[in-house]
Amino acid sequence: MSRMARLKGKRALVTGAASGIGRATAERLAAEGAAVAVTDHDADGADAVAHALRASGSTVLETVTNVTDEEAVSRAVAACE
């Protein structure tokens, strides 16, 4: 199996994906073939990352989530299923 496809068919939810380590993680998971849920409280940043990943051919779900809100996290996880 090629390295670029080893996560094909898998889904990943990445919190803090608008910048820094979260963004790098989302980019790597997408490059490995995973469908990635990009979530962050920074809507503009999450949108920019989601747009870049889609432009590279990745499957992306974008959500705005405050991870200190348990209900918001539950909704983000449910959206990924």
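Taking the condition of being outside any helix (DSSP H, G or I), of a type in the set (D, E) and open to solvent by 30 Å² or more (accessible area, probe 1.4 Å), how many residues in the range 40-53 meet it?
The total comes to 1.
Out of the residues in the range 1-34 meeting the condition of being β-branched (V, I, T) and open to solvent by less than 80 Å² (accessible area, probe 1.4 Å), tell me which one is farthest from A72 (Cα to Cα).
Restricting to residues being β-branched (V, I, T) and open to solvent by less than 80 Å² (accessible area, probe 1.4 Å), the top hit is T25.
Yes or no: A37 assigned to a helix (DSSP H, G or I) and open to solvent by less than 30 Å² (accessible area, probe 1.4 Å)?
No; evaluated as a whole, the condition is false for this residue.
In the range 54-81, which residues are among the polar types (S, T, N, Q), outside any loop (DSSP other than H, G, I, E, B) and under 14 Å from the mean Cα position of the chain (by Cα)?
The one that is among the polar types (S, T, N, Q), outside any loop (DSSP other than H, G, I, E, B) and under 14 Å from the mean Cα position of the chain (by Cα): T63.
How do the pairs read when you match residues in the range 66-81 that are on the phi < 0 side of the Ramachandran plot and of a type in the set (A, V, I, L, M) with residues anywhere that are at pLDDT 90 or above and open to solvent by 100 Å² or more (accessible area, probe 1.4 Å), using Cβ under 8 Å and keeping only pairs 6 or more apart or on different chains?
Matching pairs, first to second residue: V67/H41.
Please go through the range 55-73 and give me each residue that is open to solvent by less than 80 Å² (accessible area, probe 1.4 Å) and touching a strand residue (DSSP E or B) at 6+ places or on another chain (Cβ under 9 Å), ordered by number.
Correct list: S58, V60, L61, E62, T63, T65, A72, V73.
Can you find even one residue in the range 3-11 that is among the hydrophobic types (A, V, I, L, M, F, W, C) and out of contact with any Gly (no Cβ under 7 Å at 6 or more places or on another chain)?
Taking every residue of the range 3-11 in turn, none turns out to be among the hydrophobic types (A, V, I, L, M, F, W, C) and out of contact with any Gly (no Cβ under 7 Å at 6 or more places or on another chain).
The values are calculated or read from the model by the stated rules, or taken from the named source; none is laboratory data. Keep in mind that this is a model prediction, so the values were computed, not measured. A quick note on method: Cβ atoms are made from the backbone with ideal geometry, for glycine too, and the neighbour counts reach across all protein chains shown. Accessible surface is based on the protein model in full, side chains and every heavy atom, while ligands, DNA and RNA are left aside. Shrake-Rupley method; radii C 1.70, N 1.55, O 1.52, S 1.80 Å.
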